[in-house]
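Down below is the structure, laid out as structure tokens.
The values are calculated or read from the model by the stated rules, or taken from the named source; none is laboratory data. This structure is a prediction, so every number in the text was calculated from the model and none was measured. Here Cβ is always computed from backbone atoms with ideal geometry, including for glycine, and neighbour counts include all displayed protein chains. Remember, those area values only see protein heavy atoms, side chains included, never the ligands or the DNA or RNA. Shrake-Rupley method; radii C 1.70, N 1.55, O 1.52, S 1.80 Å.
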Amino acid sequence: MSGAIGIFGGTFDPIHLGHRYLAEAAIAEAGLDKLIIMPAKIPPHKADAKIVSGEQRLEMCRLAFSDLDKAEISDHELGQEGKSYSYNTVRWLKESYPDSRICFIMGSDQLEVFDTWYRWQDILELADIIVLSREDGLAAEVLEKKAARFTDIPGKVTVIRVKPFEISSTKIRKMLGNNEDCSCYLDKKVIEYIKEEGLYNIAPQQGFDKKKYSSYKSYIKEHLSKKRAQHSMNVADAAVKLARLYNGNEEKAYVAGLLHDVCKEMPPEIQLEYVMRSPLDVSEYEKKTTALFHAVAGSVFIQEEFGIADPEIIRAVRYHTVACGDMDKLSQIIYIADLISDDRDYKDVKKMRKYVEQGLEKAMLEALKFSLADSVGKENTIPLCTLEAYNYFLKVRTK
Ligand code: ATP
């Protein structure tokens, strides 16, 4: 094979969207025909770091690049005896592809220490370097000056001139350990894998026995229309998935999802009786608007009839139509699950499902924008708590 082949090595512990960003930029910049992603066995400069197994890092790389045709994941370094050195890998690649231009891809932090690498001059003999800045404010010109320390051959080191994506695996490991949301830094499939494997000290997959709640399921099947019962079950499933993705409580998500519409098909006067018994704050507007009764009524019904006392579940059912300021995670999950469950087929549902991939709060903000615009268009009154929710998520997102 002739043409250009890139080699992108790293610990990838875990692989993140900064890596992906660099990979795509390098493919475009150097016109690569192929980019080989190569998790390192024990990188010499990180030999004392505690890392997850090579097989797990390899699998995360496969997941993160599964949709990029030019990317190939290699276990070459993982299969070597002892420490892995980039020089050996580049030489192996050059021997495998003698007619190709070999491009070694790296971030600016690696360029800084390149002249400490084993046989770095020989790497430069065999390969060209493609580098991307990792810090905002670190200009391409500065990197070019640094590169001039190693070589004066034109084109030996190319600096990619795109805005840096500031993220590191170290930061992600810390965030995961604190159960923080990393969805804007990690591929969705990688997040799911990390959770399944229980990596980085994050809470293991919660798992619970859905049979515990079969009486709730029977109730909704008996008391709601077939369509509404199916919707409730779909919302419960969507809510569990969201809880898994965003470190929420899967069991509570299931229960709240299953029961969120439990009162929806009761006669309005019965619903209103439940509404009037709600200890939560209910506006005069909600007390007068039939379409809004069922959420408040449901939150009272599940306490009185099923003995549910969990305040998060109660709030999630109560606010699933109007939302509120300072909404907790479970309430957000149910609000969004209700909009994206499998049975939903409104015009913008695909867009909404995409927003969810960008974060729960992003999805909340977009959902509220849509709901407010719709209400304004129809000249409907807007409940104060919906406006508060909009202001809250706008502030969170702007931060
Ligand atoms: P750690 O925080 O554990 O040191 P890392 O985020 O630096 O990890 P590595 O696996 O060590 O990731 O990096 C592999 C390669 O990817 C290195 O060349 C590194 O410079 C580059 N790289 C990592 N993150 C970025 C990023 N956000 N932008 C550009 N290059 C990056």
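Run through the range 298-373 and list the GluC sites (Glu not before Pro) located in a DSSP loop whose Cβ has at most 11 other Cβ atoms within 10 Å.
Here no loop site has a sparse enough neighbourhood.
With a 1.4 Å probe and all protein chains in place, put His76, His294 in order of accessible area, largest first.
Per-residue accessible area, sorted high to low, gives His76, His294.
Can you give the net charge of the other residues whose Cβ lies under 12 Å from the Cβ of Met352, counting K and R as +1 and D and E as -1?
Residues close to Met352 contribute a combined charge of +3.
Below 8 Å between Cα atoms, with a sequence gap of 6+, how large is the relative contact order for the range 209-398 in percent?
Answer for the range 209-398 is 20 percent.
For the range 318-327, just list the computed ³J(HN,Hα) in residue order, Karplus coefficients 6.51, -1.76 and 1.60, θ = phi - 60°, integers in Hz, with x standing in for Gly and Pro.
Per residue, the Karplus-derived 3J(HN,Hα) values read 4, 9, 6, 9, 9, 6, 6, x, 6, 6 Hz.
Where Rh is the Kirkwood radius over the Cα pairs of the range 3-175, the temperature 37 °C and the viscosity 0.692 mPa s, what D in µm²/s does Stokes-Einstein return?
In µm²/s, the coefficient rounds to 202.
Sum -39500 (n - 2.57) across every DSSP H segment of at least 4 residues in the chain, then divide by the residue count to get the 222 nm mean residue ellipticity, nearest 500.
It comes out at -16000 deg cm²/dmol, rounded to the nearest 500.
Determine how large the accessible area of Thr386 is when every protein chain is in place; take a 1.4 Å probe and give Å² rounded to the nearest 10.
Per-residue accessible area (Thr386): approximately 10 Å².
Each residue of the range 250-256 in order: what ³J(HN,Hα) in whole Hz does its phi give by Karplus 6.51 cos²θ - 1.76 cosθ + 1.60, θ = phi - 60°, with x for Gly and Pro?
5, 5, 5, 4, 5, 5, 5
How would Asp75, Asp261 line up by accessible area, probe 1.4 Å, largest first?
Final ranking, largest accessible area leading: Asp75, Asp261.
Which whole-Hz couplings ³J(HN,Hα) result when phi for each residue of the range 217-223 is put into the Karplus expression 6.51 cos²θ - 1.76 cosθ + 1.60, θ = phi - 60°, listed in order with x for Gly and Pro?
Values per residue, Gly and Pro as x: 5, 4, 4, 5, 5, 7, 9 Hz.
Counting only the heavy atoms of the protein chains, how much of Tyr392 is accessible to a 1.4 Å probe, in Å² to the nearest 10?
The accessible area comes out at roughly 70 Å².
Which of the chymotrypsin sites (Phe, Trp or Tyr not before Pro) across the range 81-186 are loop residues per DSSP, with 14 or fewer other Cβ within 10 Å?
The qualifying sites are Tyr118.
Below 15 angstrom from the Cβ of Gln230, what's the summed charge of the other residues (Lys, Arg +1; Asp, Glu -1)?
Charge balance in the 15 Å sphere: -1.
Determine the dipole magnitude for the range 118-237: charges of +1 sit on the beta-carbon of Lys and Arg, -1 on that of Asp and Glu, nothing else is charged, the reference point is the Cα centre, and the result goes in debye to the nearest 20.
Dipole of the range 118-237, to the nearest 20 debye: 840 debye.
Which order do you get for Leu280, Leu111 if you rank them by accessible area with a 1.4 Å probe, largest at the top?
Ranked from most to least accessible, the order is Leu280, Leu111.
Run the 1.4 Å probe and let me know the accessible area of Ser53, rounded to the nearest 10 Å².
50 Å²
How much area per residue is accessible in the range 209-398 when the probe is 1.4 Å and only protein heavy atoms are counted (Å²)?
49 Å²
As a test of understanding, state the convex hull volume per residue of the range 319-367 from its alpha carbons, in Å³.
Enclosed volume per residue, from the Cα hull, is 73 Å³.
If you consider only alpha-carbon coordinates, what radius of gyration and Dmax does the chain have, in Å?
Both quantities, over Cα of the chain: 26.6, 83 Å.
Just need the relative contact order of the range 124-233 here, percent rounded to a whole number, with Cα pairs under 8 Å and 6+ apart.
19 percent
Please report the net charge: other residues with Cβ closer than 15 Å to the Cβ of Thr381, K and R +1, D and E -1.
Surrounding charge for Thr381 is -2.
Rounded to two decimals, what is the ratio between the C-alpha radius of gyration of the range 209-398 and 2.2 N^0.38 Å?
Ratio of Rg to 2.2 N^0.38 Å for the range 209-398: 0.96.
Run the numbers for Glu304 and Cys184: contour at 0.36 nm per residue of separation, minus the present Cα-Cα distance, in nm.
Gain on extension, Glu304 to Cys184, equals 39.2 nm.
Could you pull out every residue, at least 5 positions away or on a different chain, whose amide H is within less than 5 Å of the one on Gly9? Hs are placed 1.01 Å off N in the peptide plane, and Pro or chain starts have none.
Residues meeting the amide H criterion: Met38, Ile105.
Determine the alpha carbon to alpha carbon distance for each of Lys41/Lys94; Lys217/Lys354; Lys351/Lys378; Lys217/Lys264 and list only those over 24 Å.
Lys217/Lys354
Over the range 3-175, what is the relative contact order in whole percent, taking alpha-carbon pairs under 8 Å and six or more residues apart?
Averaging sequence separation for qualifying contacts and normalising by length gives 25 percent for the range 3-175.
Give the residue list of trypsin sites (Lys or Arg not before Pro) in the range 249-309 that are DSSP loop and have at most 14 other beta-carbon atoms within 10 angstrom.
Arg277
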